[in-house]
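Below: the structure, in structure tokens.
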Amino acid sequence: MKCDLCGSRIETTFLNKPVGTYVKNEKGKKKLVCSHCQRSGRIKEVKQ
Ligand SMILES: [Zn+2]
């Protein structure tokens, strides 16, 4: 899986869940954001 902002690889846990956060944008589409983009504040770009 890849981060929808920076495109870096996101690891998955043993339960096959991505180590990142799903964010819904205004169109209701799910985007996957890595922890780095969350901390840097780029997560806001997804919601636009
Ligand atoms: Zn990222």
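Read-outs: derived from the displayed coordinates by stated rules, not from any lab. These figures come from a predicted structure and were not determined experimentally. Glycine also receives a Cβ, built like all others from the backbone with ideal geometry; neighbour counts cover every protein chain displayed.
Some values worked out for this structure:
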item	result
Spatially close lysines, pair count over the chain: Cα under 12 Å, gap of eight or more or interchain	8
Neighbour count of at most 13 Cβ within 10 Å plus DSSP loop: longest trypsin sites (Lys or Arg not before Pro)-free window in the chain	1-26
Assigned charges on the beta-carbon of Lys, Arg, Asp, Glu; the chain dipole about Cα centre (debye)	140
Where labels lie 7 Å past Cα in the beta-carbon direction, separation of S8 and S35 in nm	1.1
